[in-house]
Each structure stands twice: as structure tokens, then as C-alpha cells.
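Read-outs: derived from the displayed coordinates by stated rules, not from any lab. Source: prediction; values computed, not measured. Note that each Cβ is placed from the backbone with ideal geometry, even for glycine, and that neighbours are counted across all protein chains shown.
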Amino acid sequence: MRIVLVQPNLSEPQSYCPPLGICYLAACLRANGHEPVIVDMDAENLDVNGAMAVLGAHSPDVVGITSTAANAEAARAMGKALEGRGCVVVHGGPEPTVAPTDYLYANPGSTVLRGESEVSFATFVENLDNGTEEMVPGLSRIAGSSVQYCALPEPVTDIDSIPFPARDLCYMANYKARLAGETATGVVGSRSCPHRCIYCHDGVRSAYRRRSAASVVDELQSIIRDFGISSFFFFDCTLTENTHWVASFAGRLSVEE
Ligand code: B12
Ligand code: SF4
């Protein structure tokens, strides 16, 4: 299957760090033998026409589009542009997770996969490959005059088992994050949040899970080795809340230095 994952452009370009959500999906697809491509419209400064030209060169069977509230309109515009092009369009990410029908009504032929989708997206692609249209966890789609919903996927409990995000599929030189003048990049050491603030996406999305300190340090080392970047932002909701984890991470860092 030819799979392209797209980060739509933002009204104000950011090109801050690679889109880690789709980098994680790409890493899992790769582990299953696929060769996905990432198109970051924000970082590559592409409008819909520009992105369609890039996508055309890959003739994708499946296009996965990530979005937050900030680029929801642009995601739906990409979905519209892809209508009738012979590919399956899948919306996912924080905003489609909470507002799937906004996407399904705008792009009626598309599918929404809600929640953390490393496993469900890989299964969805596998089903397509096998010619079946089975529901997978988190899937929403229009069927006749109604919307079908499948319950959210069970979160992966051992998140150390998820491969490191496929940053190598992004043009790393395009990203502008800096720390004290040094090129920096983002890393995620945990999923969700132990608190449950009802207004917050992270408070309601899934169980709180942490990676081991060893896995996080391994990822930092791989980024230093592969991209020469040695300054990091942690994108966790509550990185320092668990003091035991922080002590174990600091200990591991000092051993590896
Ligand atoms: C880091 C971060 C940023 C960074 C972006 C870094 C970058 N990559 O360029 C900065 C500071 C720039 C930023 C900006 C903004 N952010 Co922000 N950010 C985050 C944060 C803390 C981490 C994102 C991340 O990497 N998560 C880890 C990955 C693995 O999770 P994920 O992206 O959700 O991806 C998983 C699923 O969503 C799904 N998935 C994702 N994409 C796709 C695509 C397909 C096809 C499928 C099937 C599935 C799928 O599978 C992925 C793997 O499990 C999250 C909160 C959080 N903890 O997630 C908020 C969060 C994403 N941000 C949020 C917001 C609101 C914004 C802004 C709009 C703020 C503003 N007012 O300007 C902007 C918009 C930026 C944008 N690109 O759209 C909200 C989004 C809520 C919503 N309903 O859309 C969040 C959830 C925070 C919150 N709790 O409210 N952000
Ligand atoms: S990330 Fe912040 S606002 Fe969201 S649930 Fe956690 S503590 Fe509450």
C-alpha cells in the first residue's frame, strides 16, 4: 500500500518541530513493512495545490491527515481536494477525535480514526490490503443516512513497545525550534495526563502512561546520532510530576553522558 501522511498548513506558519503524531504512525507502518511518506505542508510551505502536486507524484492508496483545532479547516480542504482521486482519506489527531462529524460531513467519503492510532491505523491499512472493510477501534464513517462509531482504541499499555517516531521522513532542516540558540526538537515521554480537567483534551483522552527512562534516553541518543540535535523540549503534559521517574531519568542521563 502506498501511504502518505499529511500535516495540513496552519493559518500562521509554525514549522516548529516534526508532527510527532504522524511520525509515530509512520514508524508503526514501517514496522509492518510499508514505506510511508510524510508531507508537512506547514514546514514545506505548501498550499493545497502544492500538496496535491506532491501527493500526485506518490499516487497514494491511502492519505492520512492529522489535525488540531488550528488546522481543521485546512485538513478538510485537503480532504475535499482528494475526493474522486481514487485514494482512501483518513482523518485523525486531536480535533477529529473530539469532533469527528465536522470532518465526515465536510468530506463524506472519508473515514475518521479517533484516539491513539498506532495499532488501529495499521489494522485499518491491513484490512484495506485484504479487501475487507471491517470496523477498527476508533473508526467513524458515514453509512447511508447515519454515522457509524466504533469505541476508542484500548491505549497501548507498554508505550516503550511503540517504535521511535520516524523523524527521518521529515525535512529536519525545515524546523525552527531553538533552545538557547541551539537547534532543538520535541520528545514525548508519556501519554495523556494523570489529571482529569474536563475542559482539556489530554484529561479525557486515555489512561496516563509513562515510558521508561531508559527508552527516553535511547531516543535522545538516536536523535543526537541521526540528526546532530542535542537540545530537547519535552511535550509531556506533566513531565516532572513523578519525582521517582525524574530521578531515574536524571540518573540514566548522567550514566550515558
Ligand atoms: C507539542 C504540542 C504543540 C507544539 C507543536 C509541536 C510540533 N510538532 O510542531 C506547539 C507548541 C507548537 C503547539 C501548538 C498548538 N497546539 Co499543541 N500540543 C502539543 C502537545 C503538548 C503534544 C503533541 C504531541 O506531539 N503529542 C504526542 C502525539 C503522539 O500525540 P498526537 O499528536 O495526539 O497523535 C496521536 C493521535 O492523535 C493520533 N493521530 C494523530 N494524527 C493522526 C492522523 C491520522 C490519519 C490518524 C489515523 C491518527 C492520528 O495517533 C497519534 C499517535 O497515537 C499536545 C498535547 C499532547 N500531550 O498530545 C498539544 C495539543 C495537540 N495542542 C493543542 C492546541 C490547541 C494547539 C494550538 C492550536 C495552540 C494555539 N492556540 O495556537 C497550536 C496548533 C498547532 C498545530 N500544529 O496545529 C491541543 C489540541 C486540541 C484540539 N482539539 O485540537 C492539544 C491536544 C493540547 C490540549 N490538551 O488541549 N502544540
Ligand atoms: S494537561 Fe493540564 S489541563 Fe490537561 S488534564 Fe492535565 S493538568 Fe489538566
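Residues whose amide H falls under 5 Å from that of residue 65, counting only those 5 or more places apart or on a different chain, are 6, 90, 91, 92, with hydrogens built in the peptide plane. About its Cα centre, the dipole of the range 73-149 is roughly 280 debye, where the only charges are +1 on Lys and Arg Cβ and -1 on Asp and Glu Cβ. With θ taken as phi - 60° and the Karplus curve 6.51 cos²θ - 1.76 cosθ + 1.60 applied, the whole-hertz 3J(HN,Hα) list for the range 85-90 is 9, x, 10, 8, 9, 10 Hz, x standing for glycine and proline.
Got a sec? How would 161, 192 order by Cβ neighbour count within 10 Å, fewest to most? List each step's numbers first, then the result.
Values: 161 10, 192 21.
Sorted ascending by nearby Cβ count, the order is 161, 192.
For the range 131-148, 3J(HN,Hα) computed residue by residue from phi via the Karplus equation (6.51, -1.76, 1.60; θ = phi - 60°) reads x, 9, 10, 5, 5, 10, x, x, 6, 10, 7, 8, 10, x, 9, 10, 10, 8 Hz, glycine and proline entered as x.
Farthest toward the dipole's positive end in the chain, which of 54, 38, 65, given Cβ charges of +1 (Lys, Arg) and -1 (Asp, Glu) about the Cα centre? Projecting each Cα onto the dipole axis, the largest value belongs to 65.
When DSSP beta bridges are restricted to pairs lying wholly in the range 177-256, around 50% turn out antiparallel.
Across the chain, where is the longest run that never hits chymotrypsin sites (Phe, Trp or Tyr not before Pro) in a DSSP loop with at most 14 other C-beta atoms within 10 Å? Before the final figure, lay out each step's value.
Numbers: sites that count: 171, 199, 235.
Maximal segment without exposed cleavage sites: 1-170.
Considering only beta bridges that DSSP places wholly inside the chain, some 35 percent are antiparallel. The H on the amide N of residue 184, modeled in the peptide plane, is under 5 Å from the matching H of 177, 178, 179, each at least 5 residues off or on a different chain. Rounded to the nearest whole Hz, the Karplus-based 3J(HN,Hα) values (6.51 cos²θ - 1.76 cosθ + 1.60, θ = phi - 60°) of the range 4-17 follow the sequence 10, 10, 10, 9, x, 6, 9, 4, 10, x, 10, 6, 8, 9, with x at glycine and proline. Between residue 2 and 61, 62, the built amide H atoms are under 5 Å apart, and every one of these is 5 or more places off in sequence or on another chain. Residues 142, 223, arranged from fewest to most other Cβ atoms within 10 angstrom of their Cβ, appear as 142, 223. In the chain, a dipole from Cβ-located charges (positive for Lys and Arg, negative for Asp and Glu) runs towards its positive end, and of 186, 203, 15 it is 203 whose Cα lies farthest in that direction.
Within 10 Å of each residue's Cβ, count the other Cβ atoms and sort 244, 195 from fewest upward.
On the way: 244 8, 195 12.
So the residues, fewest neighbours to most, are 244, 195.
A helix-only calculation puts the chain at -10500 deg cm²/dmol for mean residue ellipticity at 222 nm, using -39500 (n - 2.57) for each DSSP H run of at least four residues, averaged over all residues.
Only bridges whose two residues both fall in the range 3-149 count here: according to DSSP, what percent of them are antiparallel, nearest 5? Walk me through the numbers on the way to the answer.
Details: 7 of 23 bridges.
DSSP beta bridges in the range 3-149 are roughly 30 percent antiparallel.
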